[in-house]
Amino acid sequence: MLRSRTLRLAFVTLTVAVALASVALPASAANIILVNADPPGAGLNDPTPVAPVGGNPGTTLGQQRINVYLLAADIWGQTLDSNSPVFVGASFAALSCTPTSGTLGSAGTTFIFRNFPGAPLADTWYHSALADAIAGADLNPGFIDVNSRFNSRIGTDPGCLTGRNWYYGFDHQTGGDFDFLNVVAHEIGHGLGFSNFVNESTGALQSGFTDVFADLTYDVTTGKTWTVMTQAERAASAVNDRNVVWIGAESTAQAANLLDPRPSVVVLNPSALAGSVEVQTASFGPAIDGGGGTTGKVVVADDGTGVASDGCEPLVGNVGANNANGKIVLVDRGTCAFVLKVANAQAAGAKGVIVANNVPVGLPGMGGSDPSITIPSVGVTQGFGDALRAAAAGNTVVKLVLDGNELAGAVDGFVRIFAPNPVQGGSSGSHWDVTATPNLLMEPFINSDLRAVDTLDLSPALMQDIGWVLLP
(Lines give C-alpha, C1' and ligand atoms only; values in the text may rest on other atoms or scores of the structure.)
Protein backbone atom coordinates (compact mmCIF):
# COMPACT_ATOMS: atom_id res chain seq x y z
CA MET A 1 0.00 0.00 0.00
CA LEU A 2 1.13 3.56 -0.69
CA ARG A 3 2.03 5.58 2.34
CA SER A 4 2.61 9.28 2.80
CA ARG A 5 5.83 9.54 4.79
CA THR A 6 6.41 13.29 4.61
CA LEU A 7 3.73 14.44 7.03
CA ARG A 8 4.12 14.09 10.74
CA LEU A 9 1.36 14.10 13.32
CA ALA A 10 2.61 15.41 16.64
CA PHE A 11 1.29 15.77 20.17
CA VAL A 12 2.05 18.06 23.06
CA THR A 13 1.51 17.27 26.71
CA LEU A 14 0.96 19.84 29.46
CA THR A 15 1.15 18.53 33.01
CA VAL A 16 -0.31 19.53 36.35
CA ALA A 17 -0.63 17.18 39.31
CA VAL A 18 -3.88 17.18 41.27
CA ALA A 19 -6.15 14.56 42.86
CA LEU A 20 -9.76 14.85 44.04
CA ALA A 21 -12.64 12.62 45.13
CA SER A 22 -14.65 10.25 42.94
CA VAL A 23 -18.31 9.35 42.49
CA ALA A 24 -19.42 6.11 40.75
CA LEU A 25 -22.15 6.60 38.12
CA PRO A 26 -23.86 4.32 35.54
CA ALA A 27 -22.29 3.69 32.15
CA SER A 28 -22.89 6.23 29.38
CA ALA A 29 -21.33 7.43 26.13
CA ALA A 30 -18.56 9.94 26.69
CA ASN A 31 -19.74 13.48 26.01
CA ILE A 32 -16.81 15.08 24.19
CA ILE A 33 -17.44 18.82 24.05
CA LEU A 34 -15.68 21.12 21.59
CA VAL A 35 -14.30 24.32 23.10
CA ASN A 36 -13.61 26.75 20.25
CA ALA A 37 -10.44 28.68 21.08
CA ASP A 38 -10.17 30.62 17.81
CA PRO A 39 -10.75 34.38 17.60
CA PRO A 40 -13.60 35.83 15.49
CA GLY A 41 -13.02 35.51 11.75
CA ALA A 42 -10.27 32.89 11.96
CA GLY A 43 -9.85 29.13 12.16
CA LEU A 44 -13.05 27.52 13.38
CA ASN A 45 -14.73 30.91 12.95
CA ASP A 46 -13.53 31.59 9.40
CA PRO A 47 -16.51 33.12 7.49
CA THR A 48 -15.16 32.33 4.00
CA PRO A 49 -18.07 30.95 1.90
CA VAL A 50 -17.60 27.37 0.67
CA ALA A 51 -19.80 24.75 -0.98
CA PRO A 52 -20.89 21.67 1.00
CA VAL A 53 -18.53 18.75 0.40
CA GLY A 54 -18.54 15.01 1.05
CA GLY A 55 -21.59 15.02 3.30
CA ASN A 56 -20.47 18.08 5.25
CA PRO A 57 -23.32 20.64 4.92
CA GLY A 58 -21.33 23.64 6.18
CA THR A 59 -21.40 26.71 3.94
CA THR A 60 -18.50 28.56 5.57
CA LEU A 61 -14.96 27.31 6.10
CA GLY A 62 -15.25 27.65 9.87
CA GLN A 63 -18.53 25.73 10.05
CA GLN A 64 -17.16 22.88 7.96
CA ARG A 65 -14.18 22.63 10.30
CA ILE A 66 -16.49 22.58 13.33
CA ASN A 67 -18.71 19.95 11.72
CA VAL A 68 -15.74 17.67 11.16
CA TYR A 69 -14.55 18.17 14.73
CA LEU A 70 -18.00 17.39 16.12
CA LEU A 71 -18.17 14.20 14.04
CA ALA A 72 -14.73 13.06 15.26
CA ALA A 73 -15.73 13.83 18.84
CA ASP A 74 -18.93 11.83 18.41
CA ILE A 75 -17.03 8.85 16.94
CA TRP A 76 -14.82 8.74 20.02
CA GLY A 77 -17.72 9.53 22.35
CA GLN A 78 -19.74 6.58 21.06
CA THR A 79 -16.72 4.35 21.72
CA LEU A 80 -15.84 5.27 25.32
CA ASP A 81 -17.77 5.16 28.58
CA SER A 82 -17.53 8.24 30.82
CA ASN A 83 -19.95 10.03 33.10
CA SER A 84 -17.73 13.10 33.17
CA PRO A 85 -17.80 15.42 30.14
CA VAL A 86 -14.55 15.65 28.18
CA PHE A 87 -13.79 19.25 27.22
CA VAL A 88 -11.55 19.49 24.16
CA GLY A 89 -10.04 22.80 23.14
CA ALA A 90 -9.40 23.34 19.43
CA SER A 91 -7.83 26.08 17.32
CA PHE A 92 -5.89 26.73 14.13
CA ALA A 93 -2.32 28.04 14.30
CA ALA A 94 0.69 28.50 12.02
CA LEU A 95 2.52 25.23 12.77
CA SER A 96 5.86 24.13 11.34
CA CYS A 97 5.86 23.53 7.59
CA THR A 98 8.02 23.37 4.44
CA PRO A 99 7.02 22.81 0.80
CA THR A 100 7.43 19.03 1.26
CA SER A 101 6.80 18.28 4.94
CA GLY A 102 5.05 19.68 7.97
CA THR A 103 3.01 19.19 11.11
CA LEU A 104 -0.69 18.69 10.44
CA GLY A 105 -1.82 18.88 14.03
CA SER A 106 -0.81 18.54 17.66
CA ALA A 107 -2.73 17.61 20.77
CA GLY A 108 -2.35 16.36 24.30
CA THR A 109 -3.88 16.23 27.73
CA THR A 110 -3.85 19.51 29.64
CA PHE A 111 -3.60 17.88 33.08
CA ILE A 112 -2.38 14.58 34.48
CA PHE A 113 -3.37 12.90 37.74
CA ARG A 114 -2.02 10.19 40.03
CA ASN A 115 -3.24 8.57 43.25
CA PHE A 116 -6.78 9.84 42.76
CA PRO A 117 -9.53 7.73 44.37
CA GLY A 118 -10.14 4.66 42.24
CA ALA A 119 -6.82 4.89 40.37
CA PRO A 120 -5.93 1.33 39.28
CA LEU A 121 -2.17 1.88 39.62
CA ALA A 122 -0.48 3.73 42.47
CA ASP A 123 2.04 6.51 41.79
CA THR A 124 1.15 6.42 38.08
CA TRP A 125 0.12 9.35 35.89
CA TYR A 126 -3.19 9.26 34.01
CA HIS A 127 -4.52 11.62 31.33
CA SER A 128 -7.14 14.07 32.55
CA ALA A 129 -10.10 12.64 30.61
CA LEU A 130 -9.22 9.07 31.59
CA ALA A 131 -8.76 9.98 35.24
CA ASP A 132 -12.15 11.73 35.21
CA ALA A 133 -13.78 8.66 33.65
CA ILE A 134 -12.27 6.32 36.25
CA ALA A 135 -13.10 8.66 39.13
CA GLY A 136 -16.61 9.32 37.85
CA ALA A 137 -16.18 13.05 38.39
CA ASP A 138 -14.41 16.07 36.91
CA LEU A 139 -11.15 16.24 38.88
CA ASN A 140 -10.39 19.76 37.75
CA PRO A 141 -13.66 21.62 37.01
CA GLY A 142 -13.58 24.66 34.78
CA PHE A 143 -10.61 23.56 32.65
CA ILE A 144 -10.36 21.74 29.34
CA ASP A 145 -9.07 18.16 29.39
CA VAL A 146 -7.48 18.13 25.93
CA ASN A 147 -5.93 20.87 23.82
CA SER A 148 -5.54 20.50 20.06
CA ARG A 149 -4.18 22.68 17.25
CA PHE A 150 -4.20 22.34 13.46
CA ASN A 151 -2.02 23.90 10.82
CA SER A 152 -3.58 27.07 9.40
CA ARG A 153 -0.81 27.40 6.80
CA ILE A 154 -2.05 24.42 4.77
CA GLY A 155 -3.80 25.69 1.65
CA THR A 156 -2.93 29.34 2.37
CA ASP A 157 0.88 29.48 2.52
CA PRO A 158 2.61 28.50 -0.77
CA GLY A 159 5.66 27.52 1.28
CA CYS A 160 3.65 24.93 3.23
CA LEU A 161 3.04 21.51 1.66
CA THR A 162 2.74 23.02 -1.78
CA GLY A 163 -0.31 22.06 -3.81
CA ARG A 164 -2.29 20.41 -1.02
CA ASN A 165 -5.14 21.64 1.12
CA TRP A 166 -7.40 20.42 3.91
CA TYR A 167 -10.35 18.23 2.92
CA TYR A 168 -13.45 18.74 5.11
CA GLY A 169 -15.76 16.04 3.75
CA PHE A 170 -17.00 13.12 5.84
CA ASP A 171 -16.43 10.51 3.12
CA HIS A 172 -12.60 10.40 3.01
CA GLN A 173 -12.63 11.14 -0.74
CA THR A 174 -9.78 13.61 -0.41
CA GLY A 175 -8.51 13.81 -3.97
CA GLY A 176 -4.98 13.97 -2.58
CA ASP A 177 -5.66 16.62 0.07
CA PHE A 178 -5.31 16.08 3.81
CA ASP A 179 -8.26 14.37 5.46
CA PHE A 180 -9.22 16.66 8.34
CA LEU A 181 -11.50 14.02 9.88
CA ASN A 182 -8.69 11.46 10.18
CA VAL A 183 -6.31 14.07 11.59
CA VAL A 184 -8.82 15.32 14.20
CA ALA A 185 -9.66 11.76 15.26
CA HIS A 186 -5.93 11.05 15.59
CA GLU A 187 -5.28 14.11 17.73
CA ILE A 188 -8.27 13.53 20.00
CA GLY A 189 -6.86 10.03 20.52
CA HIS A 190 -3.64 11.49 21.87
CA GLY A 191 -5.50 13.70 24.30
CA LEU A 192 -7.65 10.82 25.56
CA GLY A 193 -4.68 8.63 26.40
CA PHE A 194 -2.60 7.57 23.42
CA SER A 195 0.66 9.12 24.66
CA ASN A 196 3.23 8.73 27.39
CA PHE A 197 4.82 11.38 29.57
CA VAL A 198 8.41 10.17 29.17
CA ASN A 199 11.19 12.33 27.77
CA GLU A 200 12.43 9.99 25.03
CA SER A 201 15.68 11.93 24.58
CA THR A 202 16.76 11.53 28.22
CA GLY A 203 14.58 8.69 29.48
CA ALA A 204 13.33 10.86 32.33
CA LEU A 205 9.89 10.22 33.83
CA GLN A 206 7.44 13.05 34.47
CA SER A 207 8.31 14.35 37.97
CA GLY A 208 9.92 10.99 38.71
CA PHE A 209 6.70 8.96 38.33
CA THR A 210 5.74 6.52 35.59
CA ASP A 211 2.55 6.75 33.54
CA VAL A 212 -0.10 4.27 32.49
CA PHE A 213 1.11 4.28 28.85
CA ALA A 214 4.76 3.65 29.75
CA ASP A 215 3.64 0.84 32.05
CA LEU A 216 2.59 -1.23 29.01
CA THR A 217 5.48 -0.20 26.75
CA TYR A 218 7.91 -3.13 26.57
CA ASP A 219 11.38 -3.61 25.09
CA VAL A 220 11.81 -7.09 23.60
CA THR A 221 15.61 -6.75 23.74
CA THR A 222 15.84 -6.13 27.49
CA GLY A 223 12.62 -7.89 28.50
CA LYS A 224 11.52 -4.87 30.55
CA THR A 225 8.67 -2.39 30.53
CA TRP A 226 9.55 1.29 30.56
CA THR A 227 8.20 1.54 34.10
CA VAL A 228 10.86 -0.74 35.60
CA MET A 229 13.78 0.52 33.50
CA THR A 230 16.44 2.91 34.66
CA GLN A 231 16.46 6.31 33.01
CA ALA A 232 19.41 5.28 30.83
CA GLU A 233 17.63 2.08 29.80
CA ARG A 234 14.52 4.04 28.78
CA ALA A 235 16.62 6.43 26.68
CA ALA A 236 18.22 3.45 24.92
CA SER A 237 14.88 1.74 24.43
CA ALA A 238 13.33 4.90 22.94
CA VAL A 239 15.61 4.43 19.89
CA ASN A 240 15.51 0.62 19.78
CA ASP A 241 13.73 0.69 16.42
CA ARG A 242 11.20 -2.13 15.85
CA ASN A 243 11.99 -3.74 19.20
CA VAL A 244 9.57 -1.76 21.38
CA VAL A 245 6.06 -3.17 21.66
CA TRP A 246 2.72 -2.71 23.41
CA ILE A 247 1.82 -5.56 25.77
CA GLY A 248 -1.77 -4.60 26.59
CA ALA A 249 -3.98 -7.68 26.44
CA GLU A 250 -6.85 -6.15 24.44
CA SER A 251 -4.61 -4.65 21.75
CA THR A 252 -2.71 -7.91 21.40
CA ALA A 253 -5.93 -9.89 21.02
CA GLN A 254 -7.36 -7.48 18.43
CA ALA A 255 -4.12 -7.27 16.45
CA ALA A 256 -4.51 -10.85 15.30
CA ASN A 257 -7.82 -9.87 13.68
CA LEU A 258 -6.74 -6.53 12.22
CA LEU A 259 -3.13 -6.81 11.02
CA ASP A 260 -2.05 -8.51 7.81
CA PRO A 261 0.63 -11.21 7.52
CA ARG A 262 4.16 -9.83 7.64
CA PRO A 263 6.08 -9.15 4.39
CA SER A 264 9.13 -11.36 4.60
CA VAL A 265 12.06 -12.98 2.87
CA VAL A 266 12.01 -16.68 3.68
CA VAL A 267 15.40 -18.31 3.12
CA LEU A 268 14.96 -21.84 1.78
CA ASN A 269 18.67 -22.54 1.19
CA PRO A 270 21.32 -22.64 2.65
CA SER A 271 20.17 -24.17 5.92
CA ALA A 272 22.48 -21.87 7.89
CA LEU A 273 20.29 -18.90 6.90
CA ALA A 274 16.97 -20.73 6.82
CA GLY A 275 14.09 -18.79 8.34
CA SER A 276 11.83 -15.80 7.88
CA VAL A 277 13.19 -12.23 7.92
CA GLU A 278 11.07 -9.07 7.97
CA VAL A 279 11.37 -6.73 5.00
CA GLN A 280 10.29 -3.25 3.93
CA THR A 281 7.92 -3.29 0.98
CA ALA A 282 8.24 -0.84 -1.91
CA SER A 283 5.73 1.88 -2.75
CA PHE A 284 6.01 0.89 -6.43
CA GLY A 285 5.57 -2.32 -8.38
CA PRO A 286 3.26 -5.21 -7.48
CA ALA A 287 2.51 -6.20 -3.90
CA ILE A 288 4.15 -9.30 -2.49
CA ASP A 289 2.02 -12.34 -3.28
CA GLY A 290 0.27 -13.65 -0.19
CA GLY A 291 -0.13 -17.08 -1.78
CA GLY A 292 2.84 -18.82 -3.30
CA GLY A 293 5.10 -15.79 -3.18
CA THR A 294 8.06 -15.22 -5.51
CA THR A 295 10.80 -17.84 -5.26
CA GLY A 296 14.20 -17.66 -6.90
CA LYS A 297 17.94 -18.02 -6.65
CA VAL A 298 19.78 -14.96 -5.34
CA VAL A 299 22.43 -13.29 -7.49
CA VAL A 300 24.35 -10.10 -6.68
CA ALA A 301 23.86 -7.18 -9.06
CA ASP A 302 26.77 -6.28 -11.33
CA ASP A 303 26.45 -3.09 -13.36
CA GLY A 304 30.18 -2.83 -14.10
CA THR A 305 30.45 0.78 -12.93
CA GLY A 306 31.67 2.25 -9.64
CA VAL A 307 29.96 0.28 -6.87
CA ALA A 308 28.91 -2.48 -9.26
CA SER A 309 26.40 -3.94 -6.81
CA ASP A 310 24.32 -0.76 -6.52
CA GLY A 311 22.45 -1.55 -9.74
CA CYS A 312 22.40 2.06 -10.88
CA GLU A 313 23.43 1.24 -14.46
CA PRO A 314 22.20 -1.54 -16.75
CA LEU A 315 23.40 -4.89 -15.43
CA VAL A 316 26.32 -6.29 -17.40
CA GLY A 317 27.13 -9.47 -15.51
CA ASN A 318 24.26 -11.41 -17.03
CA VAL A 319 26.19 -14.56 -17.88
CA GLY A 320 27.20 -17.61 -15.88
CA ALA A 321 26.82 -17.33 -12.12
CA ASN A 322 25.74 -13.68 -12.38
CA ASN A 323 22.92 -14.26 -14.85
CA ALA A 324 19.95 -12.27 -13.52
CA ASN A 325 17.37 -13.84 -15.80
CA GLY A 326 14.69 -15.54 -13.69
CA LYS A 327 16.61 -14.74 -10.49
CA ILE A 328 16.10 -12.50 -7.47
CA VAL A 329 18.75 -9.78 -7.66
CA LEU A 330 20.46 -8.40 -4.55
CA VAL A 331 21.43 -4.73 -4.89
CA ASP A 332 22.93 -2.26 -2.44
CA ARG A 333 21.19 0.92 -1.41
CA GLY A 334 22.75 4.22 -2.44
CA THR A 335 23.85 6.39 -5.42
CA CYS A 336 20.51 6.29 -7.27
CA ALA A 337 16.76 5.92 -6.70
CA PHE A 338 15.18 2.62 -5.71
CA VAL A 339 13.01 2.61 -8.82
CA LEU A 340 16.07 2.81 -11.08
CA LYS A 341 17.73 -0.14 -9.34
CA VAL A 342 14.62 -2.27 -9.73
CA ALA A 343 14.04 -1.15 -13.33
CA ASN A 344 17.60 -2.15 -14.26
CA ALA A 345 17.17 -5.57 -12.66
CA GLN A 346 13.81 -6.03 -14.38
CA ALA A 347 15.37 -5.17 -17.75
CA ALA A 348 17.95 -7.93 -17.11
CA GLY A 349 15.14 -10.46 -16.61
CA ALA A 350 14.99 -10.54 -12.79
CA LYS A 351 11.79 -11.81 -11.17
CA GLY A 352 12.38 -9.86 -7.94
CA VAL A 353 14.79 -7.50 -6.18
CA ILE A 354 16.18 -7.31 -2.64
CA VAL A 355 17.72 -3.96 -1.63
CA ALA A 356 20.24 -4.15 1.22
CA ASN A 357 20.49 -1.10 3.44
CA ASN A 358 23.76 0.85 3.47
CA VAL A 359 23.64 1.76 7.16
CA PRO A 360 23.79 -0.66 10.11
CA VAL A 361 20.37 0.16 11.61
CA GLY A 362 16.92 -0.11 10.05
CA LEU A 363 15.34 -0.98 6.72
CA PRO A 364 15.49 1.15 3.56
CA GLY A 365 12.40 3.28 2.88
CA MET A 366 11.76 1.91 -0.64
CA GLY A 367 9.85 4.97 -1.83
CA GLY A 368 9.28 6.12 -5.39
CA SER A 369 6.93 5.62 -8.30
CA ASP A 370 7.33 3.89 -11.66
CA PRO A 371 4.28 2.26 -13.32
CA SER A 372 6.54 0.27 -15.67
CA ILE A 373 7.87 -1.89 -12.83
CA THR A 374 6.16 -5.28 -12.78
CA ILE A 375 8.34 -7.28 -10.35
CA PRO A 376 8.22 -7.18 -6.52
CA SER A 377 11.03 -5.58 -4.55
CA VAL A 378 11.80 -5.37 -0.84
CA GLY A 379 14.35 -3.78 1.48
CA VAL A 380 16.39 -5.65 4.09
CA THR A 381 18.88 -4.70 6.79
CA GLN A 382 22.54 -4.24 6.01
CA GLY A 383 23.45 -7.27 8.13
CA PHE A 384 21.03 -9.60 6.36
CA GLY A 385 22.13 -8.24 3.00
CA ASP A 386 25.74 -9.03 3.87
CA ALA A 387 24.75 -12.59 4.84
CA LEU A 388 22.89 -13.08 1.56
CA ARG A 389 25.85 -11.70 -0.41
CA ALA A 390 28.26 -14.08 1.28
CA ALA A 391 25.99 -17.03 0.57
CA ALA A 392 25.06 -16.04 -2.99
CA ALA A 393 28.13 -17.72 -4.48
CA GLY A 394 26.40 -21.01 -3.71
CA ASN A 395 22.81 -22.08 -4.27
CA THR A 396 20.98 -19.44 -2.20
CA VAL A 397 17.22 -19.66 -2.71
CA VAL A 398 14.69 -17.31 -1.13
CA LYS A 399 10.98 -16.58 -1.30
CA LEU A 400 9.42 -13.09 -1.14
CA VAL A 401 6.12 -13.76 0.62
CA LEU A 402 3.59 -12.68 3.23
CA ASP A 403 4.47 -14.80 6.25
CA GLY A 404 1.22 -15.94 7.87
CA ASN A 405 3.07 -16.86 11.08
CA GLU A 406 3.87 -13.20 11.83
CA LEU A 407 1.85 -9.96 11.87
CA ALA A 408 2.88 -6.86 9.92
CA GLY A 409 3.85 -4.32 12.58
CA ALA A 410 4.21 -6.76 15.47
CA VAL A 411 6.81 -8.87 17.26
CA ASP A 412 5.54 -12.27 18.43
CA GLY A 413 2.00 -10.90 18.24
CA PHE A 414 2.68 -7.72 20.22
CA VAL A 415 2.12 -4.53 18.22
CA ARG A 416 5.12 -2.28 17.79
CA ILE A 417 5.43 1.21 19.25
CA PHE A 418 7.22 3.81 17.10
CA ALA A 419 10.82 4.06 18.37
CA PRO A 420 13.01 5.38 15.53
CA ASN A 421 16.68 6.24 15.84
CA PRO A 422 17.21 9.13 16.35
CA VAL A 423 14.29 10.26 18.49
CA GLN A 424 11.56 12.13 16.60
CA GLY A 425 10.17 14.69 19.02
CA GLY A 426 6.39 14.62 19.17
CA SER A 427 6.25 11.19 17.53
CA SER A 428 8.57 8.72 19.27
CA GLY A 429 7.03 6.48 21.91
CA SER A 430 3.41 7.59 21.49
CA HIS A 431 2.33 6.09 18.16
CA TRP A 432 1.96 2.69 16.59
CA ASP A 433 4.94 1.82 14.41
CA VAL A 434 4.92 2.52 10.67
CA THR A 435 5.43 -1.18 9.87
CA ALA A 436 1.78 -1.95 10.68
CA THR A 437 -0.31 -3.14 7.72
CA PRO A 438 -2.99 -2.08 7.14
CA ASN A 439 -2.08 1.41 8.28
CA LEU A 440 -3.40 2.40 11.70
CA LEU A 441 -5.01 5.68 12.76
CA MET A 442 -2.43 6.31 15.48
CA GLU A 443 0.69 5.93 13.35
CA PRO A 444 2.88 9.07 13.18
CA PHE A 445 2.14 9.71 9.49
CA ILE A 446 -1.14 10.43 7.75
CA ASN A 447 -2.08 7.67 5.31
CA SER A 448 -4.62 7.79 2.51
CA ASP A 449 -6.30 4.47 3.38
CA LEU A 450 -7.52 5.54 6.85
CA ARG A 451 -11.29 5.83 7.40
CA ALA A 452 -12.05 7.13 10.87
CA VAL A 453 -15.73 7.43 9.97
CA ASP A 454 -15.83 3.63 9.75
CA THR A 455 -13.18 2.40 12.19
CA LEU A 456 -10.73 3.54 14.86
CA ASP A 457 -8.94 0.18 14.29
CA LEU A 458 -6.70 -0.72 17.27
CA SER A 459 -7.15 2.59 19.11
CA PRO A 460 -10.15 1.55 21.26
CA ALA A 461 -8.35 -1.63 22.33
CA LEU A 462 -5.38 0.40 23.54
CA MET A 463 -7.74 2.74 25.39
CA GLN A 464 -9.22 -0.28 27.13
CA ASP A 465 -5.71 -1.46 28.04
CA ILE A 466 -4.97 1.81 29.88
CA GLY A 467 -8.22 1.86 31.80
CA TRP A 468 -11.05 3.17 29.62
CA VAL A 469 -14.29 1.19 29.58
CA LEU A 470 -15.61 0.66 26.06
CA LEU A 471 -19.28 0.88 25.19
CA PRO A 472 -20.92 -2.29 23.81
About the Cα centre, charge dipole magnitude for segment 126-269 (Lys/Arg +1, Asp/Glu -1 at Cβ), debye: 360
Heavy-atom accessible surface of segment 267-396: percent carbon and sulfur, 1.4 Å: 55
Accessible area per residue, Å², the chain with all protein chains present, probe 1.4 Å: 38
J(HN,Hα) series, segment 406-423, from Karplus relation 6.51 cos²θ - 1.76 cosθ + 1.60, nearest Hz, glycine and proline x: 10, 9, 6, x, 9, 10, 6, x, 8, 6, 6, 9, 5, 9, x, 10, x, 4
Relative contact order of segment 314-462, defined on C-alpha pairs under 8 angstrom at six or more residues apart (%): 14
Segment 408-441 and segment 244-300: distance between their alpha carbon centers, rounded to Å: 16
Ellipsoid equivalent to the chain - semi-axes via the Cα gyration tensor, in Å: 44, 26, 18
Tensor-based shape of segment 230-338 (alpha-carbon gyration tensor, a/c under 1.5 rounded, otherwise prolate or oblate): prolate
Span from the segment 59-84 Cα centroid across to the segment 326-405 one, whole angstrom: 45
D (Stokes-Einstein, µm²/s), Kirkwood Cα radius, segment 278-432, 1.002 mPa s at 20 °C: 133
Two-decimal Rg/Rh across segment 180-274, once Rg and the Kirkwood Rh are taken from alpha-carbon atoms: 1.08
Straight-distance crosslink candidates among aspartates and glutamates, where the alpha carbon sits under 15 Å from LYS351 and sequence neighbours closer than 8 are dropped: ASP289
Taking segment 136-191 and dividing mean pair separation by its residue count, relative contact order in percent (alpha carbons under 8 Å, at least six apart): 28
Rg/Rg_ref, segment 349-431, where Rg_ref = 2.2 N^0.38 Å and atoms are Cα: 1.33
Sulfur and carbon atoms: percent of accessible area, segment 60-209 [1.4 Å]: 53
Over segment 133-209: Rg over Rh, Cα atoms, Kirkwood Rh: 1.10
Inter-label distance for THR305 and THR100, nm, one decimal - labels placed 7 Å from Cα along Cα-to-Cβ: 2.3
THR124 long-range amide H proximity, modeled H, under 5 Å: ASN115
Amide H partners (placed H, <5 Å) of LYS224, local residues excluded: ASP219
Sequence-distant residues sharing a close amide H with THR60 (under 5 Å, placed H): VAL50
The chain, helix-only ellipticity at 222 nm - DSSP H runs n ≥ 4, -39,500 (n - 2.57), divided by all residues, nearest 500: -5000 deg cm²/dmol
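The values are calculated or read from the model by the stated rules, or taken from the named source; none is laboratory data. These figures come from a predicted structure and were not determined experimentally. Here the Cβ is made from the backbone with ideal geometry for all residues, glycine too, and neighbour counts use every protein chain on show. The accessibility values were calculated without ligands, DNA or RNA, using every heavy atom of the protein model including side chains. Shrake-Rupley method; radii C 1.70, N 1.55, O 1.52, S 1.80 Å.
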